[in-house]
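A short worksheet on the structure shown next.
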Amino acid sequence: MKKILITLSAALALVSFVVLEAGSWSLDAGHSRLGFTVKHMEISETVGQFDKFDVKITTPNTDFSDATIELTAEAKTVNTYLSMRDDHLRSADFFDVEKHPTITFKSTSVKKAKGNNYVITGNFTMHGVTKTVVLAGVHNGTTKNRAGADLAGLKISGMVKRSDYGVGATMPNTVVADEIYLNADLEVSKN
């Protein structure tokens, strides 16, 4: 009987250790940004962002390796700081937000690289098309806020081609480049 109790206690201790290591994190929207950059007329860069988006992260480890990252952005909230251009981007010529209201990403692999860098692979869906993309991640650090909650800073970046998703199919690459550079500066809090 004593052996069974010791084994059971050890098993419970192991389970509680795993539960303490695991975590889920939610976006602090007030301290986060989901942006993009695209070359215009082959001479300058236009920047923009999505004003409404959400990120959920679940990780079995404290260092975010093997995490699951899910992002959803509202396409209609595209903001390039010029309303006429934003209206055009929302139209059927580009995002077609009536038919495709969201842009999503769901990781399939988050692997720790050197230092605080990560290689993030996942499914990126835009304009009704899903493709596998590889993004670069950086864990900027973890701290506690004034209320004692755990916070983490993450930077995620990469490139997608708009032609892969049928976005702006009639727009020549000499006017708007095919390569769209994504950059997300995220602050997440542990639930």
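Please treat every number below as a calculation from the coordinates, not as lab data. These figures come from a predicted structure and were not determined experimentally. Virtual Cβ from ideal backbone geometry, glycine too; neighbours counted across all protein chains shown.
Quick look at the values:
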{"quantity": "Residue list for the range 20-36, restricted to those being crowded, with 17+ Cβ neighbours inside 10 Å and farther than 16 Å from residue 104 by Cα", "calculated": "23, 25, 28, 32"}
{"quantity": "Options 108, 72: the member that is surrounded by 15 or more Cβ atoms within 10 Å (Cβ to Cβ) and under 18 Å from the mean Cα position of the chain (by Cα)", "calculated": "72"}
{"quantity": "Selection from the range 163-175 of residues that are surrounded by 19 or more Cβ atoms within 10 Å (Cβ to Cβ) and either free of Cβ contacts under 8 Å to residues at least 60 places away in the same chain or assigned to a strand (DSSP E or B) (or both)", "calculated": "165"}
{"quantity": "Any hit, the range 77-90, residues being closer than 30 Å to residue 172 by Cβ, exposed (fewer than 12 other Cβ atoms within 10 Å of the Cβ) and touching a Lys or Arg at 6+ places or on another chain (Cβ under 8 Å)", "calculated": "no"}
